[in-house]
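S.K.: Got a structure for you, questions after.
Taken together, the values in this text are just the output of simple stated rules run on the coordinates, not laboratory data. Source: prediction; values computed, not measured. No Cβ is skipped: glycine too gets one built from the backbone with ideal geometry, and neighbour counts run over all protein chains shown.
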Amino acid sequence: MTMMDPLKIIEKYYSTDSRAYYLLVHHSRKVTEKALEVAQKVSHLHPDRKFIEEAAMLHDLGIFLTDEPGLGCYGKTAYLCHGYLGRELLEKEGYPLHGFVCERHVGVGITAGEIRQKNLPLPNRDMIPLSLEEQIVCFADKFFSKDEEFLFIEKPIEKVRQGIAHFGDEKLRIFDDWLEMFGY
């Protein structure tokens, strides 16, 4: 079996001289660094560091399929769809577990009930980070954006909390539980 190379997978879908590639790769590298830092903090839980490294690099693979010109993405779907679209791409590549990370990292997770209630343009299924590794990547992702301000600089915890609070107390509780679980 050949070793997975996340950059090779990314380069299959992105031109290396595109804005989308630049933002995706730099964002993903910062998320990967943070995720590995978190994994170290909870080493007693035995997270799969290699999987975290690969999945963190690939968690936003589907953004090119979305209509987000500011990111250099000119697809046909809403940005919210990038998670499940990334899952579909990684399943085709033979990496279904990495695909779950893509699908489940959006926000702090989205339930099927929320999808129905808010009429979101997503498949009607739970998209909640379940495994420790999924939770770590999802958590780490909240500290970086693909905008210029937080592409290379980590957001302060309070700024992350403020952003999550817009989606309700339950979402904030999930994030706060992660802060405690991951030693922050």
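S.K.: Can you give the percent of C-alpha pairs in segment 15-99 whose distance is more than 15 Å?
M.R.: Details: 2180 of 3570 pairs.
When all Cα pairs of segment 15-99 are counted, 61 percent exceed 15 Å.
S.K.: Rounded to the nearest 20 debye, what is the charge dipole size of segment 6-178 about its Cα centre when +1 sits on each Lys and Arg Cβ and -1 on each Asp and Glu Cβ? It would help to have the intermediate numbers written out before the result.
M.R.: On the way: 23 positive and 28 negative charges, 25 e Å.
Computed about the Cα centre, the dipole is about 120 debye.
S.K.: Calculated from DSSP H runs of 4 or more alone, at -39500 (n - 2.57) each and per residue, what is the 222 nm mean residue ellipticity of the chain, nearest 500? Could the numbers behind the result be given before it?
M.R.: Working: 9 runs with 100 residues, N = 184.
Helices in the chain give a 222 nm mean residue ellipticity of -16500 deg cm²/dmol.
S.K.: Taking the alpha-carbon centroid of each part, what is the distance from segment 23-87 to segment 104-183 in angstrom?
M.R.: 12
S.K.: With unit charges on the beta carbons (Lys and Arg positive, Asp and Glu negative) and the dipole taken about the Cα centre of segment 6-178, which residue among V108, L89, H46 sits farthest to the positive side?
M.R.: Ranked along the dipole, the leading option is L89.
S.K.: Can you bin segment 111-154 into rounded, prolate or oblate? Criterion: square roots of the alpha carbon gyration tensor eigenvalues sorted a ≥ b ≥ c, rounded for a/c under 1.5, prolate for a/b above b/c, oblate for the rest. Each step should come with its number before you reach the end.
M.R.: Numbers: a/c = 4.21, a/b = 1.65, b/c = 2.55.
It is oblate, given that a/c is not under 1.5 and a/b is not larger than b/c.
S.K.: Taking a 31 Å limit on the Cα-Cα distance, which of the listed pairs K8/K171; K92/K118; K50/K118; K50/K155; K92/K159; K8/K34 fall beyond it? Could the numbers behind the result be given before it?
M.R.: Numbers: K8/K171 34 Å; K92/K118 29 Å; K50/K118 36 Å; K50/K155 25 Å; K92/K159 36 Å; K8/K34 22 Å.
Result: K8/K171; K50/K118; K92/K159 exceed 31 Å.
S.K.: What is the Cα coordinate range of segment 129-184 on the first, second and third principal axes, sorted by size from largest, in whole angstrom?
M.R.: On the principal axes, segment 129-184 reaches 30, 24, 18 Å in Cα extent.
S.K.: Mind telling me which of T66, T16, T32 comes out most flexible in a GNM of the chain, alpha-carbon contacts under 10 Å?
M.R.: Among T66, T16, T32, the largest mean-square fluctuation in the Gaussian network model of the chain belongs to T16.
S.K.: Here's something else I'd like to know. Under 13 Å from the Cβ of E154, count the other residues' Cβ atoms, weight Lys and Arg +1, Asp and Glu -1, and hand me the total. Can you show the working numbers first?
M.R.: Values: positive: R29, K30, K34, K142, K155, K159; negative: E33, E37, D141, E149, E158.
Residues close to E154 contribute a combined charge of +1.
S.K.: Using Cα pairs under 8 angstrom and six or more residues apart, how large is the relative contact order of segment 34-139, in percent? Please list the in-between numbers first.
M.R.: Details: 175 pairs, mean separation 26.6, N = 106.
Relative contact order comes out at 25 percent.
S.K.: Residue farthest toward the positive end of the dipole of segment 2-61, with Cβ of Lys/Arg at +1 and Asp/Glu at -1: which of A55, P6, L36?
M.R.: Most positive-ward Cα: L36.
S.K.: For a quick check: with amide H placed at 1.01 Å from N, whose amide H comes under 5 Å from C73's, ignoring anything fewer than 5 positions away on the same chain?
M.R.: Correct list: E68.
S.K.: In Å, what Kirkwood hydrodynamic radius results for segment 6-178 from the alpha-carbon pair distances? Walk me through the intermediate numbers first.
M.R.: Values: mean 1/r = 0.0621 Å⁻¹.
That comes to 16.1 Å for segment 6-178.
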